[in-house]
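The next block holds one structure in the form of structure tokens; read it before the comments.
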Amino acid sequence: MMAIDQDRESGWMREPEAEENGSVLPASSTAMPTSSEEMSAAPASSPAHPGSRYNPLLLDFDGSVLPFLGGLGTFNKRLVLLTWIPALFLSFSQFSDFFLLDIPDKWCKTNGTMAMMNTAHDSHLRLGNATTTRAPEVMLLLPPPQLPTTPPPMVRTLPPNNDSCLCHQWNYQIHAGLVQNVVSKWDLVCDSSWKVHIAKFSLVVGLIFGYLITGCIADWIGRRLVLLFSVIFNLIFGLSVALSVNVTMFSTLRFFEGFCLAGIFLCLYALRIELCPPGHRFMITMVASFIGMAGQFLLPGLAALCRDWQILQAVIICPFVLMLSYWYIFPESLRWQMATMQFEASKKQILQILHRNRVNTESDIKGVMPELERELLIRPKKVCIVKVVGTRNLWKNILVLCVNSLTGYGIHHCFAKSLMDPEVNMNTSIMHNFYANYFAMAGITLASCLAMCPVVGFLGRRGGLLLFMILTALASLLQLGLLNLIGKYTQRPDTGMSETVKNKFSIVFSIIGMFSSHAVGSLSVFFCAEITPTVIRGGGLGLVLASAGFGMLTAPIMELHNQKGYFLHHVIFACCTLICIICILLLPESKNQNLPENIPDGEHYTRQPLLPHKKGEQPLLLTNSELKDYSGLHDSVAMGDGVSENTTVNGIKSA
């Protein structure tokens, strides 16, 4: 009681413990005084020295500060629009590998004749009648005449990426709308074909390191400064890629380009989340995703217009010049400034936003500005992502989302390879076309994002993630198990099953798996942005996005090893989906909840039951605060005794 009285005299109330089985309470409701006397006494007695703890009113950004600024007013809408536009440019860079590093068909010039060596796009010709359809190639590869006593060596047709080719000059036919790309410029075939996969590898590795490093820096120096430096260096490295003189220079510069692209994407994603009120966050994020998919659909036309890979690379990078103006027109994240106690800079930005939104300061009913004036002398307090190690719930939530994003993007490649497998699509000529494959993948991505909108709106973040993960697990297990069973029956003529039935099932499961796994990866990133506190949101997003990058990295690794171990690769990720289904149940639900601003707020996001309690039903477990107060009751009180005046039914002491 003496501790409680001392807290009341200083104008502050104790915050309740994080709930274990209840819903998340807004930050404003957890620390508001319980009487009008305390409300009037708190501002007057709040200390203004650097070691003090500032008023929770300033911490309640979604409940107090953002409504005072006009909510999603005109100024905030313009800022959100400015975060949407670069999504188009980022999409161009993200999918440029499909065109810059496409493996073309090639012909060898020999004595004035042309001998065609089919590439991976036509590798299905190696089945069955390979000796008849590739006769010119076989003639080129015949050994010199030998004596009759010498056993003739076996004549073999070389696979597309074999390291022994007898040709030194090639003609290429590129499928991706370009006359020349990186593969044809530096003859990255035969002995040099592995360099193509290294070039793809370098961009993804750059993205992984970029997410990890720029995320931590954005929490320390701010989103705006990291965004500006990422744009500047992306222009430098991106334009240098177009001037590469060899594939080594190209791969090295692509690493640094990916590093800068990661910084731009992460900062824009965090700014977009931090600008929005709770009810608009998912919608605004999905609009940015749709703009990015528009870039994916427009890129083939842009490549057809550019014709050369160097011109295409320059055209992709040059629009980032427009983002240099963001230094003047895009302010720092006000939410991040308030969470890190930079109140002097926050005051200037609040006055600017009030002026642009034409909001009268007299509408400040809760007294945000007077409280801000009292706390101007507090020193800024910035937090690193390593602080999450000492938390109880927050690190588990981030770890679960990291595993989910790794599994979603990793298994996506397994389904994509099955869909584009030439053995499965032997009788479907359309799937051997570059544009058919490209637009099929883009169409599945678009359908996945369209399905996410109603599913997440109805089931919430956790329910939607759980549904899509279950679909991914079912598609994966059926493709691995059922197709193997069907394959055994196709060998028995009396069953009536053919190889065509197996291939059709494989295509259906691959489409469903790509559809659901993309939703799993996207939702994991968005979920992390909502439950990670503002002070470490950049680092938390960096961890989940880097995990997604590790999942995407499996694609060039598998191609580099000539598809060896592909079945085991799919089995491992299928097992991960089952683990993720269980772990998703441990996550909180962040739909319509205020964003946590500091680490204690992030700890309040704890697990709730998947289905809400029925009306009048008591929860099976008490919360931490109820258990704490219940344990403090005297054992001498009998069950039949009446309850004292200052004690509630659950043992919580009233004011």
VAL359 outside any helix (DSSP H, G or I) and either over 16 Å from THR83 (Cβ atoms) or open to solvent by 10 Å² or more (accessible area, probe 1.4 Å) (or both): yes
Criterion violated by LYS366 - all others in (1) within 21 Å of LEU72 (Cα to Cα); (2) at pLDDT 80 or above; (3) basic (Lys, Arg) satisfied: (2)
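Among the residues of the range 380-399 satisfying the criterion of being part of a loop (DSSP other than H, G, I, E, B) and basic (Lys, Arg), which is farthest from GLN342 (Cα to Cα)?
Just the residues of the range 380-399 that are part of a loop (DSSP other than H, G, I, E, B), to begin with: 380-384, 391-393.
Keeping just the survivors that are basic (Lys, Arg) gives 381-382, 392.
Working: LYS381: 8, LYS382: 9, ARG392: 27 Å.
Checking each candidate, the answer is ARG392.
Here's the yes/no breakdown for (1) in contact with a Leu (Cβ under 9 Å, 6 or more places away or on another chain); (2) closer than 22 Å to ALA546 by Cα:
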site	(1), (2)
VAL205	yes, yes
THR214	yes, yes
ASN234	yes, yes
ASN246	no, no
PHE256	no, yes
ALA262	yes, yes
TYR269	yes, yes
PRO278	yes, no
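Residues checked against (1) among the small types (Gly, Ala, Ser); (2) in a helix (DSSP H, G or I):
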position	(1), (2)
GLU332	no, no
MET369	no, yes
ILE378	no, no
HIS413	no, yes
ALA416	yes, yes
Residue selected from the range 78-101 under the condition aliphatic (A, V, I, L, M) and part of a loop (DSSP other than H, G, I, E, B), by the criterion surrounded by the most Cβ atoms within 10 Å (Cβ to Cβ): LEU101
So ARG335, is it charged (D, E, K, R) and open to solvent by 40 Å² or more (accessible area, probe 1.4 Å): no
Considering residues of the range 257-281 that are open to solvent by 40 Å² or more (accessible area, probe 1.4 Å) and more than 17 Å from SER91 (Cα to Cα) only, the residue modelled with the lowest pLDDT: GLY279
Counted residues, the range 255-294 - those being charged (D, E, K, R) and over 20 Å from the mean Cα position of the chain (by Cα): 0
Selection status of LEU351, open to solvent by 50 Å² or more (accessible area, probe 1.4 Å), more than 23 Å from ILE217 (Cα to Cα) and not in a helix (DSSP H, G or I): no
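Could we say that ILE198 is modelled with pLDDT under 95 and of a type in the set (A, V, I, L, M, F, W, C) here?
yes
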Sole residue being farther than 19 Å from ALA303 by Cβ, part of a strand (DSSP E or B) and at pLDDT below 80, chosen from ASN161, ASN171: ASN171
Residue count for the range 217-229, restricted to those that are within 12 Å of GLY539 (Cα to Cα) and surrounded by fewer than 19 Cβ atoms within 10 Å (Cβ to Cβ): 1
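To keep it simple, each residue is scored yes or no on (1) open to solvent by 80 Å² or more (accessible area, probe 1.4 Å); (2) in contact with a Pro (Cβ under 9 Å, 6 or more places away or on another chain).
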{"residue": "GLN342", "(1), (2)": "no, yes"}
{"residue": "SER346", "(1), (2)": "no, no"}
{"residue": "GLU373", "(1), (2)": "yes, no"}
{"residue": "LEU376", "(1), (2)": "no, no"}
{"residue": "VAL389", "(1), (2)": "yes, no"}
{"residue": "ILE398", "(1), (2)": "no, no"}
{"residue": "LEU401", "(1), (2)": "no, no"}
Residue match in the range 481-500 (condition: modelled with pLDDT of 85 or more and part of a helix (DSSP H, G or I)): no
Subset of the range 537-554 (residues that are more than 12 Å from the chain's Cα centre (by Cα) and open to solvent by 10 Å² or more (accessible area, probe 1.4 Å)): LEU553, THR554
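Inside the range 514-613, counting only helices (runs of 4 or more DSSP H) that do not spill past its ends, which hold 2 or more residues that are among the aliphatic types (A, V, I, L, M) and modelled with pLDDT under 90?
537-560, 566-584
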Cross-chain or 6+ apart pairs with Cβ under 8 Å, the range 189-210 first and of a type in the set (Lys, Arg), then open to solvent by less than 30 Å² (accessible area, probe 1.4 Å): LYS195/LEU188; LYS195/VAL247; LYS195/SER251; LYS200/ASP97; LYS200/LEU101; LYS200/ALA555; LYS200/PRO556
Condition broken by LEU299, with the remaining ones in (1) open to solvent by 10 Å² or more (accessible area, probe 1.4 Å); (2) closer than 30 Å to ALA442 by Cα; (3) modelled with pLDDT under 95; (4) within 22 Å of the chain's Cα centre (by Cα) satisfied: (1)
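The values are calculated or read from the model by the stated rules, or taken from the named source; none is laboratory data. None of these values were measured; they are calculated from a predicted model. Glycine gets a Cβ as well: all are built from the backbone with ideal geometry, and neighbour counts include every protein chain shown. These area figures cover heavy atoms from the full protein model, side chains too; ligands, DNA and RNA do not enter into them. Shrake-Rupley method; radii C 1.70, N 1.55, O 1.52, S 1.80 Å.
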